[in-house]
Amino acid sequence: MTSDQPRSASSPRPRRPTLFGLIRSGLPEPPPPVDETLVRELGLRVQEGARQRLGRSLALRLVDAGSCNGCELELHALQNPFYDLERFGLRFVASPRHADVLLVTGAVTRNMREALKRTYQAIPDPKWVVAVGDCPATGGLFSKSYACVGPASAVIPIDLTIPGCPPRPQDLLAGLLALLESIGKPGRR
């Protein structure tokens, strides 16, 4: 049927979802499966590692240096009720002066180069930097862009890279655990 032909009474009209229809029907798909045992084990190991190394919980500061927001969504998932990062003593902080770990997402853009450098300098020692995802590690798809400096290592030193586009929340927890376990080994600052 073309657009200039009239609609017959027997042809159904396409149904458009309304806000009330979405509210009544619930979620369009089930939540992703979460291995609660793995998440709990990783979280408790990260919590114990932070207490041994720092004597307190781990404070995280996030800097989006020019990402597509995929990695941020996964980092925010760590704070939702499925993962509940705070039950393990890990928390995101607003001020870099309160942070222990700087999480960097995205290929560093020219506009964010100075902000990333200043945030790094504002974090008190000891401090660690984690490149979250492929973009801060390699520059990703955007590394050849005129607006990008490249990977985060072109601006600040990186202690750990968590690969993925984007990395899953379990990978993020495992990466933080690897960071805490590597602290104090020879060759680490």
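Quick notes on this one:
- Averaged over its residues, the stretch 81-189 has an accessible area of 49 Å² per residue, based on protein heavy atoms and a 1.4 Å probe.
- A cut-off of 5 Å between modelled amide H atoms, ignoring neighbours fewer than 5 places along the same chain, links Val108 with Val149, Gly150, Ala152.
- Around the amide H of Val129, modelled in the peptide plane, lie the amide H atoms of Leu102, Asp159, Leu160, all under 5 Å away and 5 or more residues distant in sequence or on another chain.
- Computed with a 1.4 Å probe on the full set of protein chains, the accessible area for Glu114 sits at about 90 Å².
- The tail of the calculated P(r) for the stretch 80-167, taken as Cα-Cα distances beyond 23 Å, holds 25 percent of the pairs.
- Using a cutoff of 8 angstrom between alpha carbon atoms and counting only pairs six or more residues apart, the relative contact order for the stretch 70-129 works out to 37 percent.
- Taking all protein chains together and a 1.4 Å probe, the residues Glu72, Glu41 rank Glu41, Glu72 from largest to smallest accessible area.
- With a cut-off of 14 Å between beta carbons, the residues surrounding Leu73 carry a summed charge of -3, where Lys and Arg count +1 and Asp and Glu -1.
- Of all DSSP beta bridges confined to the stretch 71-189, the antiparallel ones make up roughly 20%.
- Taking Tyr146, Tyr120 and ordering them by how much accessible surface each has at a 1.4 Å probe, largest first, produces Tyr146, Tyr120.
- Vicinal HN-Hα couplings computed from phi for the stretch 160-168 (Karplus, 6.51 cos²θ - 1.76 cosθ + 1.60; Hz; Gly/Pro x): 8, 10, 9, x, x, 9, x, x, 6
The values are calculated or read from the model by the stated rules, or taken from the named source; none is laboratory data. Here the structure is a predicted model, which is why all the values come from computation and not from measurement. Virtual Cβ from ideal backbone geometry, glycine too; neighbours counted across all protein chains shown. Heavy atoms of the whole protein, side chains included, go into the accessibility calculation; ligands, DNA and RNA do not. Shrake-Rupley method; radii C 1.70, N 1.55, O 1.52, S 1.80 Å.
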